[in-house]
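Down below is the structure, laid out as structure tokens.
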Amino acid sequence: MSKKYILKIDSEHCKGCELCIVNCPKRVLKLSENINKLGYRYVEIVDISRCTGCGRCYLMCPDYLIEIYEEELK
Amino acid sequence: MKATKFIKPKAIKELYHNYCPGCGHGIVHRLVAEVVDELNIRDKTIGIAPVGCAVFAYDYWNFDVSEAPHGRPPAVATGVKRVLPDRIVFTYQGDGDLAAIGTAEIIHAANRSENITVIFVNNTVYGMTSGQMAPTTILGQKTLTTPYGREIYKDGYPLKVCELLSVIEGTKYLARGAVTNPKNVALTKSYIKKAFVNQIENKGFSLVEILSMCPSGLHKSPVESIEWIENELVKYFPLGVIKDV
Ligand SMILES: Cc1ncc(C[n+]2csc(CCOP(=O)(O)OP(=O)(O)O)c2C)c(N)n1
Ligand code: SF4
Ligand code: SF4
């Protein structure tokens with residue numbers, strides 16, 4: 001059985017600090033070219049299939065905007 | 001089946017805080033909240049918030065929090081813990097709060113070995129008032145009030161709070177962590193947990209110092225602030241457990 005990960009990112013409240021991006025070992029995340037309503041470039045997903053669910057992005061987000069869920073694939 | 005792996009702790013309220021981008025206070029708040037959840041003590045925890053950027057911590061944590069005048073959280077915590085000894089009482093203080101205006105309070109609370117937990121966020125500057133020199137500013141560090149860098153003969157030496165407190169018999173647990181990378185964040189959480197468990201076991205005064213990012217006060221990006229802490233600051237403030245008796 002393999003696993004798939006779902007990242008829920010609240011990008012409307014992201015302040016673009018980039019701490020999740022630089023700490024992701026799989027380069028899953030990047031800064032968007034767009035700006036959110038707070039006026040910041042926000043974090044977005046490049047390729048979720050590379051995510052291993054390690055939680056480093058969750059650990060480093062100072063604003064608690066990342067939630068990680070695990071899905072079992074048959 | 002969708003299973004939760006990482007979600008924010010219950011001891012953090014469902015709202016957004018006002019810290020600057022990349023500020024370490026947010027991470028430290030979450031670590032305290034995770035420990036409170038894991039120890040299942042949310043109903044009996046009382047936090048004492050400082051003056052400084054964390055002044056609104058009572059709005060962010062989902063348990064009882066009181067406010068104290070600048071530097072006086074250890075005095076307020078002493079009163080609360082003595083009146084309500086079955087509660088888990090902790091202070092949350094910046095380096096301006098704890099190591100400058102509150103030096104007398106922290107030393108005497110430690111010396112009395114008050115059975116409280118102290119979370120001491122060392123970001124080397126007075127963040128809230130725009131980044132003036134703090135007692136913890138390192139030599140050569142440029143701040144608003146040391147524009148050419150901190151100098152020994154004008155400004156004195158940076159204060160090592162954990163080392164200073166370590167010679168006081170009343171201190172039972174002293175550790176210094178950092179919130180600069182996932183490994184340090186996990187280690188810091190283990191120090192915070194130990195400092196809360198000590199109180200539950202009535203061991204006496206426990207303090208965890210945390211090297212933290214103040215990108216606005218340091219005039220660096222969040223990532224540059226982390227590099228500076230990991231490359232420069234830890235040389236003067238080494239990480240690890242300093243005392244555990
Ligand atoms: C009695 C008193 N003196 C001075 C101040 C002004 N003041 C507000 S916050 C602060 C410094 C806070 O710095 P720190 O404790 O390091 O916390 P940070 O903002 O960096 O988290 C000062 C001096 C005050 N509010 N009350
Ligand atoms: S869980 Fe790990 S691999 Fe997945 S995005 Fe976060 S840091 Fe990257
Ligand atoms: S001034 Fe510094 S300590 Fe205060 S919220 Fe901004 S980054 Fe955080």
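The values are calculated or read from the model by the stated rules, or taken from the named source; none is laboratory data. Since the structure is predicted, the reported quantities are computational estimates derived from the model, not experimental observations. A quick note on method: Cβ atoms are made from the backbone with ideal geometry, for glycine too, and the neighbour counts reach across all protein chains shown. The protein model used for the area step is the full one, side chains on, heavy atoms only, and it has no ligands, DNA or RNA in it. Shrake-Rupley method; radii C 1.70, N 1.55, O 1.52, S 1.80 Å.
What to note about this one:
- Rounded if a/c under 1.5, otherwise prolate or oblate - chain A, Cα gyration tensor axes: prolate
- Total charge dipole magnitude, the protein assembly as shown, about the Cα centre, Cβ charges on Lys, Arg, Asp, Glu only, Debye to nearest 20: 560
- Loss of accessible area when A meets B, both sides summed, Å² nearest 100, probe 1.4 Å: 2600
- Cα-based shape type of the protein assembly as shown, given that a ≥ b ≥ c are square roots of the gyration tensor eigenvalues and the cut on a/c is 1.5: oblate
- Isolated Cys residues of chain A, judged by Cβ distance under 4.7 Å to other cysteines: A:C14, A:C17, A:C24, A:C51, A:C54, A:C61
- Around the amide H of B:T45, modelled in the peptide plane, lie the amide H atoms of B:D64, B:I88, all under 5 Å away and 5 or more residues distant in sequence or on another chain.
- Scalar couplings 3J(HN,Hα) for segment B:148-165, obtained by applying the Karplus form with A = 6.51, B = -1.76, C = 1.60 to θ = phi - 60°, are 9, x, 5, 10, 4, 6, 9, 10, x, 8, x, 8, 9, 5, 4, 5, 4, 6 Hz; x denotes Gly and Pro.
- Applying the Karplus relation 6.51 cos²θ - 1.76 cosθ + 1.60 with θ = phi - 60° to segment B:100-116 yields 3J(HN,Hα) values of 10, 5, x, 4, 4, 4, 5, 5, 6, 5, 5, 5, 7, 6, 4, 7, 10 Hz, where x marks Gly and Pro.
- Annotation: lysines with alpha-carbon distance below 26 angstrom to B:K172 (same-chain offsets under eight excluded): B:K44, B:K81, B:K160, B:K183, B:K189, B:K193, B:K194, B:K203, B:K235, B:K243.
- Beta bridge orientation in the protein assembly as shown: antiparallel %, DSSP, nearest 5: 45
- Among A:N23, B:F120, B:A178 - extreme Cα towards positive end, dipole of the protein assembly as shown, charges at beta-carbon: A:N23
- Cα-based shape type of segment B:25-244, given that a ≥ b ≥ c are square roots of the gyration tensor eigenvalues and the cut on a/c is 1.5: prolate
- Database remark: amide H of B:N122 closer than 5 angstrom to the amide H of B:I210, B:L211, B:S212 (H placed geometrically; neighbours at sequence offset of 5 or more, or on other chains; Pro and chain starts carry no H).
- Contact with the other protein chains removes 40 Å² or more of accessible area, compared with the isolated chain and a 1.4 Å probe, from these residues of segment B:2-32: B:K2, B:A3, B:K5, B:F6, B:I7, B:K8, B:Y16, B:H17, B:P21, B:I27, B:R30.
- Using the Cβ of A:R27 as centre and a radius below 9 Å, the other residues enclosed give a net charge of +2, where K and R count +1 and D and E count -1.
- Proximal charge balance of B:N18 [Cβ under 12 Å; K/R count +1, D/E count -1]: -1
- Here segment A:2-73 is treated with +1 on each Lys and Arg Cβ and -1 on each Asp and Glu Cβ, and its dipole about the Cα centre works out to around 240 debye.
- Each DSSP beta bridge with both residues in chain B is either parallel or antiparallel, and the antiparallel ones are about 20%.
- For A:V43, residues with placed amide H under 5 Å, excluding near neighbours: A:G16, A:S32
- The phi-based Karplus calculation (6.51 cos²θ - 1.76 cosθ + 1.60; θ = phi - 60°) puts the 3J(HN,Hα) values of segment B:94-99 at x, 7, x, 5, 7, 9 Hz, whole numbers, x for Gly and Pro.
- When chain B is treated as a Gaussian network with alpha carbon springs shorter than 10 Å, the biggest mean-square fluctuation among B:K235, B:K220, B:K189 belongs to B:K235.
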